[in-house]
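A.B. asks: Sending over a structure as structure tokens; questions will come in a sec.
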Amino acid sequence: MNPIAKIRRYARYARYAIVVSIASIALSGCATSPPPCDGPQTKNLYTAIDHVKASLDSGCAAHFAAYYDDLLTIAEGDPKPENKRIFSEFLVWSTDEGLLSTRQAKEYYNRYFNVKFVSLASDYNNCSHTCPRRDRVMLDMQRELGDKERGLLKISLDNAGYYRADELYQEIELVLEATCTACSAR
Amino acid sequence: MNVLSPVLRLDSAGAWRPVGLILTLPLPALVQAQSSDGAPTIRLFPTTVVEDLRQTSSVAREMETGLQEVIGRLDQQQQLYNESKCDGAESDPGCQRLAKQIGATYLEMLGIMEERLPDMEHTVNNTRLSLEKRLRSELGNKMSSWTLQESLLGSNSSGTKPPAPTMRGRSGMRLSERFRQYYQLVASSASNSDQSLAVLASDIYLDMDETSELIARTREEIARATLIEQLNQSFGTITPEMMEIVGGVKSILFGDEADYVQVAGPPPGSFEEEYRSPLEN
């Protein structure tokens, strides 16, 4: 091989090397570090909601459930009837932003702040659907009653609402016991 | 409005003839086709159920009246036996005579129960079966768990609610009084909404179910207890089982006040206008 061809060959290798180095530098420059997705550190609910909204907007949507729980904990520290509205508005914002479906937002709200039990959402008749899984349904309702205690009683100071939810739980337990006994007595 | 309805009886020629009039109480649950909030009315208390309840109360009262005197006598005899220090002195002729008297009164009690229980069983079973059919149809087959919940809450889910009867576990009450209260609650339920009627029907049904089972078991036991006591009469002894049965009958028929303890619920909160979220169901 003549020396000129050799030089040209080395030059081509050098160009490849430079291109590869530039590409790798460029690639490493593009790879941003993942967002921290840390929870709100403040005790003020409004500030905490602003923080959570910013985090959700910057790629932390997968942490929605944890953020919601953080917000509930913060609200427990400053209970007031107005908290219901604050949480409702936050959930409406979440649906507007496409982070939650309307159904999910309703479930998040009603589980904590409504007397009605989302655990009872079913379109099939009691004899065929609810009775065969009555124990499971009652267990789910019991857990939800705990969430309602948090949302209605500890966060919103809605004693009457929680008292009614507790009573409704007992009524459902009684009526389902009777209905399911009647269903199975065919 | 109360109305007088004719009572018909099948005569020997096979025709229905009016033999009297009965006062029929208004039953809103039956009369109304729709409740005020537009939801379909639950038809849980047809006239037959109401009449069965009234009859059960009356049969229970008759049985209580018959047993009250005998049980009172048994108590007195037992007291005399204890005061005479007959425990441990069973061979004493006086004590033997007392024991025989107690045994005879006990047999009398069993006899009254044996005579009255079939009527009681019949009316209780009638009520239970009618309610069972209604519950299955109205709450079991026509409703989902969600519609049942909505029906129990009525149009008002904001937290306030008119006081509803709390019935379960009322062991400290006379049987007849319990059925009389059931009857009154159902018959005068002009202000009762569907939600409390569903709870009431469930409560009565479960109570009837238990009572029915208890009556059946008691009837089985009576024959056995009668035989044993007839044998005991020959020996003039009082068995612990005998006193246990008397105690059981007393608590079933006349109640046990000590068992009727209510625990207060949390205080209701303020009834101010509540915030309603657009997300609420």
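The values are calculated or read from the model by the stated rules, or taken from the named source; none is laboratory data. As the structure is a computational prediction, the values presented were derived from the model and not from experiment. Quick reminder, even Gly has a Cβ in these numbers, built from the backbone with ideal geometry, and neighbours come from all protein chains shown. Surface areas here come from the heavy atoms of the whole protein model, side chains and all, with no ligands, DNA or RNA. Shrake-Rupley method; radii C 1.70, N 1.55, O 1.52, S 1.80 Å.
A.B. asks: Regarding residue B:190, is this residue assigned to a helix (DSSP H, G or I), in contact with a Pro (Cβ under 7 Å, 6 or more places away or on another chain) and either at pLDDT below 65 or within 28 Å of residue B:80 (Cα to Cα) (or both)? Lay out the reasoning, then the answer.
C.D. replies: Values: assigned to a helix (DSSP H, G or I): yes; in contact with a Pro (Cβ under 7 Å, 6 or more places away or on another chain): yes; either at pLDDT below 65 or within 28 Å of residue B:80 (Cα to Cα) (or both): yes.
Considered against the rule, which asks whether it is assigned to a helix (DSSP H, G or I), in contact with a Pro (Cβ under 7 Å, 6 or more places away or on another chain) and either at pLDDT below 65 or within 28 Å of residue B:80 (Cα to Cα) (or both), residue B:190 comes out as yes.
A.B. asks: Could you tell me whether any residue of region A:158-168 is in a loop (DSSP other than H, G, I, E, B), buried (at least 16 other Cβ atoms within 10 Å of the Cβ), more than 7 Å from chain B (Cβ to nearest Cβ) and touching a residue at least 12 places away in the same chain (Cβ under 8 Å)? I'd like the intermediate steps shown before the answer.
C.D. replies: Step one: filter region A:158-168 for residues in a loop (DSSP other than H, G, I, E, B), giving A:158.
From what is left, the residues that are buried (at least 16 other Cβ atoms within 10 Å of the Cβ) are A:158.
From what is left, the residues that are more than 7 Å from chain B (Cβ to nearest Cβ) are none.
Scanning region A:158-168 turns up no residue that is in a loop (DSSP other than H, G, I, E, B), buried (at least 16 other Cβ atoms within 10 Å of the Cβ), more than 7 Å from chain B (Cβ to nearest Cβ) and touching a residue at least 12 places away in the same chain (Cβ under 8 Å).
A.B. asks: Need the failing condition index for residue A:134 against (1) among the charged types (D, E, K, R); (2) facing chain B (nearest Cβ under 10 Å); (3) assigned to a helix (DSSP H, G or I); (4) free of Cβ contacts under 8 Å to residues at least 24 places away in the same chain, just the number.
C.D. replies: (4)
A.B. asks: From the residues in region A:103-113 that are within 16 Å of residue A:75 (Cα to Cα) and touching a Lys or Arg at 6+ places or on another chain (Cβ under 7 Å), which one is surrounded by the most Cβ atoms within 10 Å (Cβ to Cβ)?
C.D. replies: This residue is A:113.
A.B. asks: From B:150, B:138, B:62, grab the single residue that is farther than 16 Å from residue B:245 by Cα, part of a helix (DSSP H, G or I) and at pLDDT below 90. So that I can check it myself, show each step before the final result.
C.D. replies: Numbers: B:150 fails: at pLDDT below 90; B:138 fails: at pLDDT below 90.
Only one candidate qualifies: B:62.
A.B. asks: Moving to a separate point now. What's the total number of residues in region A:114-130 that are more than 7 Å from every other protein chain (Cβ to nearest Cβ) and open to solvent by less than 50 Å² (accessible area, probe 1.4 Å)?
C.D. replies: 2
A.B. asks: Follow-up question, since we're still on this one. Is it true that residue B:88 is over 20 Å from residue B:225 (Cβ atoms), outside any helix (DSSP H, G or I) and either within 14 Å of chain A (Cβ to nearest Cβ) or out of contact with any strand residue (DSSP E or B) (no Cβ under 7 Å at 6 or more places or on another chain) (or both)? Steps first, please.
C.D. replies: Values: over 20 Å from residue B:225 (Cβ atoms): yes; outside any helix (DSSP H, G or I): yes; either within 14 Å of chain A (Cβ to nearest Cβ) or out of contact with any strand residue (DSSP E or B) (no Cβ under 7 Å at 6 or more places or on another chain) (or both): yes.
Answer is yes for this residue.
A.B. asks: For the list (1) open to solvent by 50 Å² or more (accessible area, probe 1.4 Å); (2) small (Gly, Ala, Ser); (3) under 21 Å from residue A:166 (Cβ atoms); (4) at pLDDT 60 or above, I need the number of the one condition that residue B:169 fails.
C.D. replies: Residue B:169 satisfies all of (1) open to solvent by 50 Å² or more (accessible area, probe 1.4 Å); (2) small (Gly, Ala, Ser); (3) under 21 Å from residue A:166 (Cβ atoms); (4) at pLDDT 60 or above except (4).
A.B. asks: Quick one: in region A:169-186, which of the residues that are touching a Phe, Trp or Tyr at 6+ places or on another chain (Cβ under 8 Å) and within 7 Å of another protein chain (Cβ to nearest Cβ) is surrounded by the fewest Cβ atoms within 10 Å (Cβ to Cβ)? Steps first, answer last, please.
C.D. replies: Quick first cut of region A:169-186, residues touching a Phe, Trp or Tyr at 6+ places or on another chain (Cβ under 8 Å) only: A:169, A:172, A:178, A:181-182.
Keeping just the survivors that are within 7 Å of another protein chain (Cβ to nearest Cβ) gives A:172, A:178, A:181-182.
Working: A:172: 25, A:178: 27, A:181: 18, A:182: 30.
Among those residues, the one meeting the criterion is A:181.
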